[in-house]
Amino acid sequence: GCRGFSLVRPMIGLQRSIIRNASPFDADNDRLRTFEAQTGKRVFEALVEYPCDFQIRVIGREDASFVNDMLEYIGRVTETPVDEISFSTNPSSKGTFISVSIDAPIDSAQTLYECYAILRQDPRVKVAL
């Protein structure tokens, strides 16, 4: 599986710019509109080869259920048992926030977009990358 993006060679510069500077969910982003106009595809349709294990990083408020809830969301969307999803965590220095890196088993761009959508619905999530 892939860990992140499998880049298509002719578009590497534009893709890296989009990845570093924009959320693929920011509908008002000029770079994304340009990319989609040039390729005829949404970002994750063009940049990722499926199926793959795509690493999603979620940063949110630390609480007793945050990590398990994030894994449950991914498991629900990907139809994968939570105990089969690889992940790692990194708490903030003060323990207020936690970063969860989830290796999500993704079969299509639509599944990846659905994963991000469900994660962002949780009010504890500050960032999903």
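The values are calculated or read from the model by the stated rules, or taken from the named source; none is laboratory data. No experiment lies behind these values; they were computed from the predicted model shown. We place every Cβ from the backbone using ideal geometry, glycine too, and count neighbours over all the protein chains shown. We work out accessible area using only protein heavy atoms, side chains counted, and drop any ligands, DNA or RNA first. Shrake-Rupley method; radii C 1.70, N 1.55, O 1.52, S 1.80 Å.
Pairing residues of the range 102-129 that are farther than 15 Å from Cys52 by Cβ with residues that are hydroxyl-bearing (Ser, Thr, Tyr), at Cβ distances under 6 Å and at least 6 apart in sequence or on separate chains, gives Ile118/Tyr73; Leu119/Tyr73; Ala128/Tyr116.
Every listed requirement among (1) open to solvent by 50 Å² or more (accessible area, probe 1.4 Å); (2) out of contact with any strand residue (DSSP E or B) (no Cβ under 6 Å at 6 or more places or on another chain); (3) more than 24 Å from Val48 (Cβ to Cβ) is met by Pro91 save one, (2).
Applying the selection to the range 69-88, what residues are among the polar types (S, T, N, Q) and either open to solvent by 80 Å² or more (accessible area, probe 1.4 Å) or part of a loop (DSSP other than H, G, I, E, B) (or both)? Talk me through it step by step, then tell me what you get.
Kept after step one, since they are among the polar types (S, T, N, Q), are these residues of the range 69-88: 78, 80, 86, 88.
Selection gives Thr80 alone.
Starting from residues that are open to solvent by 50 Å² or more (accessible area, probe 1.4 Å) and over 10 Å from Gly60 (Cα atoms), keep the ones in the range 94-116 and report whichever is nearest to the chain's Cα centre (by Cα). Write out each step before concluding.
Of the residues in the range 94-116, the ones open to solvent by 50 Å² or more (accessible area, probe 1.4 Å) are 94, 96-97, 107, 110, 114.
Then drop every residue that is not over 10 Å from Gly60 (Cα atoms), which leaves 94, 107, 110, 114.
Working: Lys94: 25, Asp107: 13, Gln110: 12, Glu114: 10 Å.
So, considering only residues that are open to solvent by 50 Å² or more (accessible area, probe 1.4 Å) and over 10 Å from Gly60 (Cα atoms), the one nearest to the chain's Cα centre (by Cα) is Glu114.
Taking the criterion of being over 12 Å from the mean Cα position of the chain (by Cα) and not charged (D, E, K, R), the residues of the range 117-129 that qualify are Gln121, Pro123, Val125.
Looking only at the range 30-48, filter to residues that are open to solvent by less than 20 Å² (accessible area, probe 1.4 Å) and over 17 Å from Ser108 (Cα atoms); which one of those is modelled with the highest pLDDT?
Just the residues of the range 30-48 that are open to solvent by less than 20 Å² (accessible area, probe 1.4 Å), to begin with: 32, 35, 43-44, 46-48.
This time we only want the ones that are over 17 Å from Ser108 (Cα atoms), so: 32, 35.
Values: Leu32: 74, Phe35: 77.
Within the range 30-48, the match that is modelled with the highest pLDDT is Phe35.
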